[in-house]
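**Student:** Take this structure first; my questions come after.
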Amino acid sequence: MSERIELSPELEENLVAYAKKAMENAYAPYSNFKVGAALLTADGNIYMGCNIENSSYGATNCAERTAIFKAVSEGHRKFYAIAIVGGKNGEITGICQPCGICRQVMSEFCDENFIVLLGHQNGYKKYTLEELFPLTFHLL
Ligand code: THU
């Protein structure tokens, strides 16, 4: 088991706010489902991401992977938490659970204690990656 990270409520709320901000840039003309993510690196940086759709649907990139790929491409490999929000037409009602591909990508870089904050209309729910994606596949 790796170390369990505790974030202050202020930082958690901040991450959810960044995810909402990121959602404003979502490019989702096909589904109209807008998603935003904010990823906290171990050294305290926050990387934002949004979903970016494509007319060839399979080329779409989810918000979570946009944030993770941005961070990794800039040299970050250790992450503490991600906040995710989403909704039809950018209206946040319930939580937006990360898809299976994004959970797999999280598991490549994040350990079982990685915190996943799912924002909703009046707050957020908090999970660990282990809760969302147990029995992970690994080659390394
Ligand atoms: N989407 C995300 O950005 N993240 C997820 O985890 C689930 C789905 C996006 C992809 C697509 O642009 C839209 O939501 C509808 O599937």
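**Student:** Set Lys and Arg Cβ to +1 and Asp and Glu Cβ to -1, take the dipole of the chain about its Cα centre, and tell me which of 124, 135, 60 lies farthest positive.
**Tutor:** 60
**Student:** Turning to a different aspect of this structure: Distance between Cα centroids, segment 18-54 to segment 84-125: provide it in whole Å.
**Tutor:** Rounded to whole Å, the Cα centres lie 11 Å apart.
**Student:** Counting only residues 5 or more places away or on other chains, whose amide H sits under 5 Å from the amide H of residue 60 once H atoms are built in the peptide plane?
**Tutor:** HN-HN under 5 Å from residue 60: 54.
**Student:** Let me ask something else about it. By a straight-distance test (C-alpha under 17 Å), which lysines pair with residue 88 as possible cross-link partners, with residues fewer than eight away in the same chain excluded?
**Tutor:** 20, 21, 34
**Student:** Just to be sure I understand the model, the point goes 7 Å from the Cα along the line to the Cβ. What's the resulting residue 136 to residue 42 distance in nm?
**Tutor:** With each label placed 7 Å out from Cα toward Cβ, I get 1.3 nm.
**Student:** Quick one: 16, 72, 116, 85, fewest Cβ neighbours within 10 Å first, how do they rank?
**Tutor:** 72, 16, 116, 85
**Student:** Which distance in nm do the two modelled labels at residue 32 and residue 59 give, with both placed 7 Å along the Cα-to-Cβ direction?
**Tutor:** With each label point 7 Å from Cα toward Cβ, the separation is 2.4 nm.
**Student:** What ³J(HN,Hα) values, in whole Hz, does the Karplus curve 6.51 cos²θ - 1.76 cosθ + 1.60 give for segment 72-88 when θ = phi - 60°, with x put for Gly and Pro?
**Tutor:** Here the 3J(HN,Hα) series is 5, 5, 9, x, 8, 10, 10, 10, 9, 7, 9, 10, 9, 9, x, x, 4 Hz.
**Student:** Another question, then. Hey, what number do you get for the chain at 222 nm if only DSSP H runs of n ≥ 4 count, each worth -39500 (n - 2.57), divided across all residues, to the nearest 500?
**Tutor:** Only helices count here, giving -8500 deg cm²/dmol.
**Student:** Tally the DSSP beta bridges in the chain and give the antiparallel ones as a percent, rounded to 5.
**Tutor:** 80 percent
**Student:** In nm, to one decimal, how far is the residue 70 label point from the residue 125 one, both placed 7 Å along Cα→Cβ?
**Tutor:** 2.6 nm
**Student:** With Cβ to Cβ distances under 12 Å as the rule, what net charge do the other residues near residue 126 carry (K, R +1; D, E -1)?
**Tutor:** Net of charged neighbours comes to -3.
**Student:** Something else about it: Straight distance only, please: which aspartates and glutamates reach the Cα of residue 126 with their own Cα at less than 13 Å, same-chain residues fewer than 8 apart left out?
**Tutor:** 6, 12, 13
**Student:** Considering only DSSP beta bridges with both partners in segment 65-132, what is the antiparallel share in %, to the nearest 5?
**Tutor:** So the antiparallel bridges in segment 65-132 amount to around 60 percent.
**Student:** With +1 assigned to the C-beta of every Lys and Arg and -1 to the C-beta of every Asp and Glu, and no other charges, what is the dipole magnitude of segment 7-116 about the Cα centre in debye, to the nearest 20?
**Tutor:** It comes to approximately 280 debye.
**Student:** Tell me which trypsin sites (Lys or Arg not before Pro) from segment 3-79 have a DSSP coil assignment and no more than 14 other beta carbons within 10 Å of their own.
**Tutor:** Numbers: sites: 4, 20, 21, 34, 65, 70, 77, 78; in loops: 4, 77, 78.
Answer in residue order: 4, 77, 78.
**Student:** How do 129, 117, 139, 7 rank when sorted from fewest to most other Cβ atoms within 10 Å of their own Cβ? Please list the in-between numbers first.
**Tutor:** On the way: 129 22, 117 25, 139 4, 7 16.
The order, fewest Cβ neighbours first, is 139, 7, 129, 117.
Only the coordinates and a few stated rules stand behind these numbers; no lab work does. None of the values given here were measured: they were computed from a predicted structure. Note: ideal-geometry Cβ built from the backbone for every residue, glycine included; neighbour counts use all protein chains shown.
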